[in-house]
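Trainee: I am attaching a structure below and will ask some questions about it afterwards.
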Amino acid sequence: QVQLVESGGGLVQPGGSLRLSCAASESILRFLTMGWYRQAPGKQRELVASIAIGGSTDYGDSVKGRFTISRDKAKNTVYLQMNSLQPGDTAVYYCYSAAVPGTYWGQGTQVTVSS
């Protein structure tokens, strides 16, 4: 069973930055894609960013130009650098990994953007 452990969430003021980490229990190169979804209260879960096994990336429209996804294959970790955070970015952020057997999810980490 793949385990994904997120960290790095917290409270930040508007305009601030945070970096989320997602550490996998095995090599991230076995996953077709990895990335982040988020879910705000009363809203559907939405894709934030993803990175494919070949390194190509994709972003949700609302975060393009502000968020950057990256990975460290040696550490089996995927990162989400979030800059210029806005109150609308407040949500629980979930890391996921997609493999042939199925999709795995982390437990989620809360990000709150507020003054």
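The values are calculated or read from the model by the stated rules, or taken from the named source; none is laboratory data. Please read all numbers here as calculations on a predicted model, not as lab measurements. Neighbour counts are summed over all protein chains in view; Cβ atoms, including those assigned to glycine, are modelled from backbone coordinates with ideal geometry. These area figures cover heavy atoms from the full protein model, side chains too; ligands, DNA and RNA do not enter into them. Shrake-Rupley method; radii C 1.70, N 1.55, O 1.52, S 1.80 Å.
Trainee: Ignoring ligands, DNA and RNA, what percent of the 1.4 Å accessible area of the chain is carbon and sulfur? Mind showing how you got there, number by number?
Mentor: Numbers: 2790 of 5860 Å².
Within the chain, the accessible surface is 48 percent carbon and sulfur.
Trainee: Before anything else, pin down the relative contact order of the chain: Cα pairs under 8 Å, at least 6 apart, normalised by residue count, whole percent. All intermediate terms of the calculation are to be shown ahead of the outcome.
Mentor: On the way: 282 pairs, mean separation 42.7, N = 115.
Computed over the chain, the figure is 37 percent.
Trainee: Karplus couplings for the stretch 47-56 from phi (6.51 cos²θ - 1.76 cosθ + 1.60, θ = phi - 60°), rounded to Hz, Gly and Pro as x?
Mentor: Values, residue by residue: 5, 9, 7, 9, 9, 8, 4, x, x, 5 Hz.
Trainee: I've got another one for you. Given 37 °C and 0.692 mPa s, compute D for the stretch 55-115 with the Stokes-Einstein relation, Rh being the Kirkwood radius over Cα pairs; round to the nearest whole µm²/s. Write out the running numbers ahead of the final one.
Mentor: On the way: Rh = 13.3 Å.
Rounded, D is 247 µm²/s.
Trainee: Between residue 57 and residue 13, take the C-beta separation as r, use R0 = 25 Å, and let me know the FRET efficiency to the nearest 0.05.
Mentor: Result of the calculation: an efficiency of 0.40.
Trainee: Who wins for biggest fluctuation among 38, 30, 71 in a Gaussian network model of the chain, springs between alpha carbons below 10 Å?
Mentor: Largest GNM mean-square fluctuation: 30.
Trainee: Moving on. Run the dipole for the chain about the Cα centre, Lys and Arg Cβ at +1, Asp and Glu Cβ at -1, nothing else charged, and hand back the magnitude in debye, nearest 20.
Mentor: Numbers: 10 positive and 7 negative charges, 18 e Å.
It comes to approximately 80 debye.
Trainee: Given points 7 Å out from each Cα along the Cα-Cβ axis, report the residue 107 to residue 74 separation in nanometres with one decimal.
Mentor: With each label point 7 Å from Cα toward Cβ, the separation is 2.9 nm.
Trainee: To continue, here is another question. Using all alpha carbons of the chain, what is the percent of pairwise distances in each 5 Å bin, ordered from the shortest bin to the longest?
Mentor: Per 5 Å bin, starting at 0, the Cα pair percentages come out as 2, 13, 25, 26, 19, 10, 4, 1, 0.
Trainee: Hand me the GluC sites (Glu not before Pro) from the stretch 1-80 located in a DSSP loop with no more than 13 other Cβ atoms within 10 Å, in residue order please. Please report the intermediate quantities before stating the final value.
Mentor: Numbers: sites: 6, 26, 46; in loops: 26.
The qualifying sites are 26.
Trainee: I've got another one for you. Give me the percent of DSSP beta bridges within the chain that run antiparallel, rounded to the nearest 5.
Mentor: Working: 38 of 41 bridges.
DSSP beta bridges in the chain are roughly 95 percent antiparallel.
Trainee: In the stretch 51-68, which residues have a backbone nitrogen under 14 Å from the label point lying 7 Å from residue 81's Cα in the Cα-to-Cβ direction?
Mentor: 65-68, by backbone N distance to the label point.
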